[in-house]
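One structure is given here, and the rest of the page talks about it.
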Amino acid sequence: MKKLLAIPILIMVLITGCSTEEQQIDNEHQAFAMNDVPEVLAENLAIPWSIAKYDETFYLTEREGSIVKVENGEIERQTVHFKKELATASEAGLLGLVLAPDFSKSNTAYAYYTYEDSSGQFNRIVTLRLEKNAWTEDKLLLDKIPSGPRHHGGRLKIGPDEKLYATTGDASVEEIAQDLTSLGGKILRMNLDGSLPSDNPFPNSYVYSYGLRNPQGITWSPDGTLYSTDHGNNRNDEVNKIEAGLNYGWPIIEGNEQKEGLVPPLFTSGVEETWAPSGMDYEDGNLYVGALRGTALLQFNLETGEKQEIITSLGRIRDVLIEGNYLYFISNNTDGRGAPQPNDDKLYRIELSVSN
């Protein structure tokens, strides 16, 4: 069983309000070993958004349209040739990226980007093919996903069911999150060739779940449970357990509000704080979430319902990936909303310890 190593200066590990016995049990469950600090794997990244990894090679999207390859300590910024012009709206650009299951043979990845043309501004999901250190847009899988001045969603992941999932924002038009004919404010699900799965919850629709504002993170636990993050309107940020066909309430409810037929979150920041949660991953009963306005790596314990701030001094955190014995994350301080530190932005990793 792998556990996250805590970091002495950056981490809060004390849990108040517990008996000594409860504290010991919780500490044993967390198995924190306070003897490590984040290792920088790459720096001088330009508004990075998504982490993809094959073997020991990373591919990081940058919103302005590049993919950064990180391999053996070497950094290469690779050109991407798009069929549409990247949009320059706030939060827009090249966002999600996930490598195809057969990437070693096909050199193919799935990407989500915001574009603008004579018909307006939209998001689309495409395949990219890597050839001679440059990427070229190959096939269009889904187009005309709503876009606007903000709230583009953008996270892509391949689920344990071998389907492609995408998070989409409400494009700053709240009501479309409740409109099942719109692709905005949703989690979408498709086959890897872009076709509609026969078991999607709504007939002839890519919509898997709806009533979301600006979801930017999805992950699964080993039993196939899907989780997602979502940005609240007035704070009220959320971590949700996602089920097919369910309505997560935006803009009718948010945060701790409840209404029949609408699903409340597993965790919410409420109105006292803000997280602006983005990328996330799962490990050993915990969700690890990058927080933008919250400037932290957050840990949510699904068993106890507790939240901890694991890393708090590296600024905005955009994406998280757990693989093998490591947790990887990227900072996002160069997007105009952060306070860049020297050589930002960076790809970091922290080690996971192993216990029985």
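At-a-glance table
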quantity: Restricting region 92-104 to residues that are over 19 Å from R189 (Cβ atoms) and not hydroxyl-bearing (S, T, Y), the residue that is surrounded by the fewest Cβ atoms within 10 Å (Cβ to Cβ); calculated: D102
quantity: Within region 214-274, strands (runs of 3 or more DSSP E) holding 2 or more residues that are among the charged types (D, E, K, R) and at pLDDT 95 or above; calculated: 238-242
quantity: Residue within region 97-110 that is free of Cβ contacts under 8 Å to residues at least 60 places away in the same chain, assigned to a strand (DSSP E or B), closer than 22 Å to L41 by Cβ and in contact with a helix residue (DSSP H, G or I) (Cβ under 8 Å, 6 or more places away or on another chain) present; calculated: yes
quantity: Residues of region 105-129 that turn out to be within 21 Å of E175 (Cα to Cα) and crowded, with 16+ Cβ neighbours inside 10 Å, as a count; calculated: 5
quantity: Enumeration of residues in region 139-160 that are more than 19 Å from G217 (Cα to Cα) and surrounded by fewer than 18 Cβ atoms within 10 Å (Cβ to Cβ); calculated: K139, L140, D143, K144, P149
quantity: Check on G169, buried (at least 24 other Cβ atoms within 10 Å of the Cβ) and either on the phi > 0 side of the Ramachandran plot or of a type in the set (G, A, S) (or both); calculated: yes
quantity: Failed criterion for K132 (all others in (1) modelled with pLDDT of 95 or more; (2) surrounded by fewer than 22 Cβ atoms within 10 Å (Cβ to Cβ); (3) more than 18 Å from the chain's Cα centre (by Cα) hold); calculated: (1)
quantity: R318 being under 21 Å from Y227 (Cα atoms) and either out of contact with any Asp or Glu (no Cβ under 8 Å at 6 or more places or on another chain) or modelled with pLDDT of 95 or more (or both); calculated: yes
quantity: Of all residues making up region 275-291, the number that are crowded, with 18+ Cβ neighbours inside 10 Å and part of a loop (DSSP other than H, G, I, E, B); calculated: 3
quantity: Which listed residue is surrounded by fewer than 20 Cβ atoms within 10 Å (Cβ to Cβ) and touching a residue at least 40 places away in the same chain (Cβ under 8 Å), from L266, L321, L262; calculated: L262
quantity: Test: residue in region 309-323 that is under 16 Å from Q216 (Cβ atoms) and outside any strand (DSSP E or B); calculated: yes
quantity: Strands (runs of 3 or more DSSP E) fully within region 46-89 counting 3 or more residues that are farther than 19 Å from R318 by Cβ and in contact with a strand residue (DSSP E or B) (Cβ under 8 Å, 6 or more places away or on another chain); calculated: 74-81
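For (1) more than 24 Å from A42 (Cα to Cα); (2) of a type in the set (D, E, K, R); (3) surrounded by fewer than 17 Cβ atoms within 10 Å (Cβ to Cβ); (4) at pLDDT 95 or above, each residue gets a yes or a no:
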residue	(1), (2), (3), (4)
T295	no, no, no, yes
D345	no, yes, no, yes
Y348	no, no, no, yes
S353	no, no, yes, no
N356	yes, no, yes, no
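Listed here are the residues, each with its yes/no results for (1) of a type in the set (D, E); (2) in contact with a Phe, Trp or Tyr (Cβ under 6 Å, 6 or more places away or on another chain); (3) on the phi > 0 side of the Ramachandran plot.
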{"position": "Y59", "(1), (2), (3)": "no, no, no"}
{"position": "I67", "(1), (2), (3)": "no, yes, no"}
{"position": "N72", "(1), (2), (3)": "no, no, yes"}
{"position": "T88", "(1), (2), (3)": "no, no, no"}
{"position": "S106", "(1), (2), (3)": "no, no, no"}
{"position": "F122", "(1), (2), (3)": "no, no, no"}
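The values are calculated or read from the model by the stated rules, or taken from the named source; none is laboratory data. Everything numeric here is computed off the predicted structure, so don't read it as measured data. Because the Cβ atoms are built from the backbone with ideal geometry, glycine has one as well, and the counts that use them run over all protein chains shown.
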